[in-house]
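Since the structure comes first, as structure tokens, the remarks are kept for the end.
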Amino acid sequence: MSSAPVAANIEDRPRPVGDAGRAGQFVFVAAIILLCAWILVPLYLLFVNTLSSPAEVTGFPKSGLPSFSMGSVQFFLSFSGVGQALWNSLLVAVLTMVFSILLGAPAGYALSRFEFPGKEIFRLLVVMTRAFPLPLLALPLAVMFIRTGLDDTALGLALVHTVLALPFAVLITFSLFAGIPVELEEAAWTLGCNRLQAFIKVILPLVLPGIVASAVFAFTISWNEVFAASVLTIENRTLTAFLVQNLNVSPLHLKFAGGTALVLPALIFIFAVRKYLFAMWGIANR
Amino acid sequence: MAEIVIKNVAKSFGAFQALHALDMAIADQEFMVLLGASGCGKTTLLRIIAGLETPTQGEVWIGGRRVDHLPPRQRGISMVFQNYAVFPHLTVFENIAFGLRMQKMGQPEVERRVRRTAELMHIEQLLERYSGQLSGGQRQRVAVARALAMEPDVILMDEPLSNLDALLRLEMRAELKGVLAESKTTTIYVTHDQVEAMSLADRISVMNGGKIVQNDSPVEIYRNPAARFVGSFIGNPPMNFIPAKRTDNGRWAVAGLELDGPRTERELIEFAIRPEDVFPGEEGFVADVRVVEPLGAHTLVTCDVAGKPFRAVLESDRRVSPGETLKLMPAASRIRWFDLDTQTAIPA
């Protein structure tokens with residue numbers, strides 16, 4: 001065997017740097033398209049089928065284009081119980097939003113401004129609540145709720161949803177408050193404010209958009225949550241629980257309409273607050 | 001009337017002793033500069049006076065009133081922060097008016113005061129702008145105007161010029177001095193920049209390691225440093241130090257010269273001289289020139305004297321080149337002596 005220089009077989013001539021750049025560009029764009037398709041194709045199919053007549057939904061071949069028939073939507077909206085479920089969902093989500101901000105924002109503020117023993121553990125615990133599987137909690141929770149009379153109420157469900165949304169509320173508001181220089185507050189104190197006045201006059205106006213974003217995020221978490229809602233409510237079902245209960249025995253076009261009703265508000269909300277969510281995850285988006 | 005008295009104030013952060021039982025008195029309308037390297041406790045002291053930090057022990061008195069238990073808003077102070085802390089959600093006008101509105105002052109009076117301080121700081125054309133639309137220098141002016149509009153007894157400034165570029169700093173320095181002198185407030189000004197300290201202060205407190213090393217007028221601090229640290233910190237370039245050995249009572253051998261000095265029993269002390277107080281001539285320290293830096297007005301020469309670096313500031317019309325050997329004679333009246341153990345000055 002000869003150990004002939006391998007290099008001789010390789011065409012070793014300088015290539016423009018642009019070549020490597022172009023190849024990278026291709027991979028980059030392909031990855032973006034793939035990721036977008038991953039999200040957008042199911043959404044597209046959902047919307048197309050919602051806006052098609054029942055015959056088209058079940059028929060074959062499919063055109064892939066919506067016929068803008070509102071039949072499914074109309075049928076879905078007149079379906080008995082949908083209105084009530086929508087109202088329940090809204091009520092629970094609003095309660096969750098209010099609770100998680102009222103509890104989460106002060107926690108976020110404390111984390112950003114004060115040094116106290118156990119601060120790191122507290123931050124970890126806040127995130128850990130998300131790691132606890134809800135199905136494990138469901139039965140004891142249901143029993144406890146029945147005993148206290150919280151079962152099947154919007155308030156009870158909102159409390160559970162608040163637990164789910166709280167870590168995000170704490171972490172988002174923590175990063176919001178941490179982004180505001182302490183000197184602004186101190187300047188306000190030297191200019192005649194007490195702690196509360198400084199917060200209201202200086203800090204609140206600066207964090208308000210972010211607080212609204214984190215509130216909307218809590219709203220979305222509650223809106224989308226299905227497991228606790230199914231376990232803890234019977235009469236006062238939220239839309240998700242209602243759909244899970246009823247849709248698997250419903251015709252296909254109705255499932256699509258129900259899916260759209262679930263997805264649409266969440267999509268709109270998340271889109272509205274995307275800037276703050278990006279900021280929370282540390283991605284600059286300017 | 002707002003003289004400030006600090007009695008026995010100390011501060012520790014956990015095991016770290018930031019301030020060691022300080023005493024200080026600042027007269028009404030005096031311009032006091034706290035000068036020191038970063039970490040010397042000067043900002044901590046300022047924040048204790050402002051009420052943003054609680055002292056571990058001691059008392060703070062402003063205008064004859066004990067204030068160390070009061071929140072900042074009840075102390076009759078205003079503060080200018082290093083990063084300006086101009087409220088980004090308010091216009092310049094509302095920033096300056098902020099403290100006045102907190103006092104529930106009527107709109108005409110607010111208008112009058114804002115316009116007047118804005119004029120004083122030359123920002124009257126910026127009143128409708130937001131902080132984001134201002135340059136660093138303009139923000140600085142807003143911060144000072146906001147403090148002045150309160151017409152406080154005491155203005156506290158925490159390195160207010162250190163974020164500005166050199167030229168702007170020079171300009172703002174002169175302007176600040178004028179404005180503050182006119183406002184007749186007591187001022188405490190924290191800086192690590194000795195030139196700033198010298199040019200602004202009525203009195204300088206040099207701080208090191210949480211203690212006040214010397215508290216005196218700028219000229220006194222420069223001419224008669226009370227401690228070796230002050231001589232080595234103040235002055236650009238700082239003092240030269242050479243060990244001195246006793247030969248006779250009051251006679252000291254310093255790098256080959258025999259000089260008159262203090263009558264002390266010690267065998268070894270330290271000789272100190274400012275770089276501009278040595279003169280080339282027929283006699284003096286034998287100095288091997290290493291580096292020559294012409295600075296225009298004069299020339300900075302770094303040499304070796306007795307194997308140690310020694311800096312001299314010479315007339316710029318004198319031609320010196322590296323490798324040359326000079327004889328440098330210290331001006332007798334400008335020689336200072338330091339005790340090697342206590343690091344403090346020995347009176348000659």
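Here segment B:149-159 is the region considered, the condition is being more than 11 Å from every other protein chain (Cβ to nearest Cβ) and open to solvent by 10 Å² or more (accessible area, probe 1.4 Å), and the residue that is nearest to B:R116 (Cα to Cα) is B:E151. Reported count of residues in segment B:265-313, each being buried (at least 17 other Cβ atoms within 10 Å of the Cβ) and among the charged types (D, E, K, R), is 4. Within segment B:231-264, being open to solvent by 70 Å² or more (accessible area, probe 1.4 Å), in a strand (DSSP E or B) and of a type in the set (D, E, K, R) holds for B:K245, B:D248, B:R251, B:E258, B:D260. Under the condition of being open to solvent by less than 10 Å² (accessible area, probe 1.4 Å) and outside any helix (DSSP H, G or I), the residues counted in segment A:222-241 number 2. In segment B:1-27, the residue that is nearest to B:S183 (Cα to Cα) out of those that are out of contact with any strand residue (DSSP E or B) (no Cβ under 6 Å at 6 or more places or on another chain) and not in a strand (DSSP E or B) is B:M1. Determine if segment B:32-52 includes at least one residue that is outside any strand (DSSP E or B), small (G, A, S) and within 14 Å of another protein chain (Cβ to nearest Cβ). Taking every residue of segment B:32-52 in turn, at least one turns out to be outside any strand (DSSP E or B), small (G, A, S) and within 14 Å of another protein chain (Cβ to nearest Cβ).
Here A:V244 does not qualify as over 22 Å from A:A154 (Cα atoms) and either assigned to a helix (DSSP H, G or I) or under 20 Å from the mean Cα position of the chain (by Cα) (or both).
If we keep just the residues of segment B:160-174 that are in contact (Cβ under 8 Å) with a residue 60 or more places away in the chain and not small (G, A, S), which is most open to solvent (accessible area, probe 1.4 Å)?
Once the filter is applied, the top-ranked residue is B:N163.
B:R66 meets each of the listed conditions (1) surrounded by 15 or more Cβ atoms within 10 Å (Cβ to Cβ); (2) over 17 Å from the mean Cα position of the chain (by Cα) apart from (1). The residue pairs whose first member lies in segment B:295-307 and is outside any strand (DSSP E or B), whose second member is open to solvent by 40 Å² or more (accessible area, probe 1.4 Å), and whose beta carbons are closer than 9 Å, counting only pairs six or more residues apart or on different chains, are B:L295/B:S316; B:G296/B:S316; B:A297/B:S316; B:A306/B:P243; B:A306/B:G256; B:A306/B:V286.
From the list A:A198, A:A213, A:A187, the one residue that fits, being buried (at least 21 other Cβ atoms within 10 Å of the Cβ), among the hydrophobic types (A, V, I, L, M, F, W, C) and more than 10 Å from chain B (Cβ to nearest Cβ), is A:A213.
The values are calculated or read from the model by the stated rules, or taken from the named source; none is laboratory data. Because the structure is predicted, anything quoted here is derived from the model rather than measured. Cβ sites come from the backbone with ideal geometry, for glycine too, and all protein chains shown count toward neighbours. These area figures cover heavy atoms from the full protein model, side chains too; ligands, DNA and RNA do not enter into them. Shrake-Rupley method; radii C 1.70, N 1.55, O 1.52, S 1.80 Å.
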